[in-house]
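Student: Before I ask anything, let me first share the structure, which is written out below as structure tokens.
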Amino acid sequence: MTRAELEHAIRAACDIAQDDSLYVFGSQAILGEHPDAPARLRQSAEVDVAPVSRPDRADAIDGAIGELSLFHETHGFYVHGLSIEAATLPSGWRDRLVVVRGPNTFGKTGLCLESHDLAASKLAAFRDKDRDFVRVLLVEKLIRGGVLRERIKTLEINEEERSRRDQWVQLIERDLVRQS
């Protein structure tokens, strides 16, 4: 996915949701803060969004421009409308959102998760693909391990899970130091 495709997704999803703004909280939110993110971070064909003022319209987004839709077939990517509650996010995430708005969004606004918040959310899920994504963020120095570990501390997950994620970040950081 490219930044231009993200902007197209924002425009289309806002139109369908009849909302002027939406949260972008899946992996492609990285394009908000890092429009030229490495290709390894832009492999997903899916943009996860949640309408800000019209959360009830998330299903309409899925139905119109979701997976296997004509939009998906035509453009090669799709938009998954969800509730923002589908993600586990660190405290204060709303204060750090990255605004994507411009000529290509026709004045509509995408509120993308900040990179450390995105990484913490990915680690809350802790799937292989999410750990791989966060590893690339760390390798490419798009996030700092210390900041990520602070955000992990604020996730609403149990202490054992929090500790496991913190230890994982520390291990990755040590591996990166050894490799340099």
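Student: Among the numbered criteria (1) surrounded by 19 or more Cβ atoms within 10 Å (Cβ to Cβ); (2) more than 21 Å from R131 (Cα to Cα), which one does S27 miss?
Tutor: Going through the list (1) surrounded by 19 or more Cβ atoms within 10 Å (Cβ to Cβ); (2) more than 21 Å from R131 (Cα to Cα), S27 breaks only (2).
Student: Still on this model: Being within 16 Å of I143 (Cβ to Cβ), without any contact (Cβ under 8 Å) to a residue 24 or more places away in the chain and surrounded by fewer than 23 Cβ atoms within 10 Å (Cβ to Cβ) is true for just one of R40, R96. Which residue is that?
Tutor: Values: R40 fails: without any contact (Cβ under 8 Å) to a residue 24 or more places away in the chain.
Going through R40, R96 in turn, the sole match is R96.
Student: Same structure again: Sort through Q179, Q167 and tell me the only one that's at pLDDT 95 or above, more than 24 Å from D20 (Cβ to Cβ) and not β-branched (V, I, T).
Tutor: On the way: Q179 fails: at pLDDT 95 or above.
The conditions single out Q167.
Student: Give the number of residues within the stretch 163-173 that are under 13 Å from R144 (Cα atoms) and of a type outside the set (D, E).
Tutor: Residues flagged as under 13 Å from R144 (Cα atoms) and of a type outside the set (D, E) within the stretch 163-173 amount to 3.
Student: Related question: Filter the stretch 31-46 down to the residues that are among the aliphatic types (A, V, I, L, M), out of contact with any strand residue (DSSP E or B) (no Cβ under 8 Å at 6 or more places or on another chain) and assigned to a helix (DSSP H, G or I) and list them by number. Before you say what the answer is, go through the steps one by one.
Tutor: If we filter the stretch 31-46 for residues that are among the aliphatic types (A, V, I, L, M), which is where we start, we get 31, 37, 39, 41, 45.
Filter once more, keeping what is out of contact with any strand residue (DSSP E or B) (no Cβ under 8 Å at 6 or more places or on another chain): 37, 39, 41.
Once the filter is applied, which keeps residues that are among the aliphatic types (A, V, I, L, M), out of contact with any strand residue (DSSP E or B) (no Cβ under 8 Å at 6 or more places or on another chain) and assigned to a helix (DSSP H, G or I), the stretch 31-46 yields A39, L41.
Student: Just the residues that are assigned to a loop (DSSP other than H, G, I, E, B) and surrounded by 20 or more Cβ atoms within 10 Å (Cβ to Cβ), please, taken from the stretch 114-129. Walk me through how you get there before you give the answer.
Tutor: Taking the stretch 114-129 first, the residues assigned to a loop (DSSP other than H, G, I, E, B) are 114, 126-127.
Within the stretch 114-129, just E114 meets the criteria.
Student: Moving to a separate point now. Return a yes/no flag: does the stretch 88-100 have any residue that is small (G, A, S) and either assigned by TED's automatic domain parsing to the domain that holds A13 or at positive phi (or both).
Tutor: Yes, there is a match, as at least one residue in the stretch 88-100 is small (G, A, S) and either assigned by TED's automatic domain parsing to the domain that holds A13 or at positive phi (or both).
Student: Out of L155, L111, L137, I need the residue that is part of a helix (DSSP H, G or I) and either within 25 Å of I65 (Cβ to Cβ) or outside the structural domain of S21 (by TED's automatic domain parsing) (or both). Which one?
Tutor: Values: L155 fails: part of a helix (DSSP H, G or I); L111 fails: part of a helix (DSSP H, G or I).
Unique residue meeting the criteria: L137.
Student: For the stretch 43-63, give me the residue count where each residue is buried (at least 18 other Cβ atoms within 10 Å of the Cβ) and hydrophobic (A, V, I, L, M, F, W, C).
Tutor: Adding up the residues that qualify gives 5.
The values are calculated or read from the model by the stated rules, or taken from the named source; none is laboratory data. Note that the coordinates shown come from a computational prediction; the quantities given were computed from them, not determined experimentally. Every residue, glycine as well, gets a Cβ built from its backbone with ideal geometry; the counts of neighbours run over all protein chains shown.
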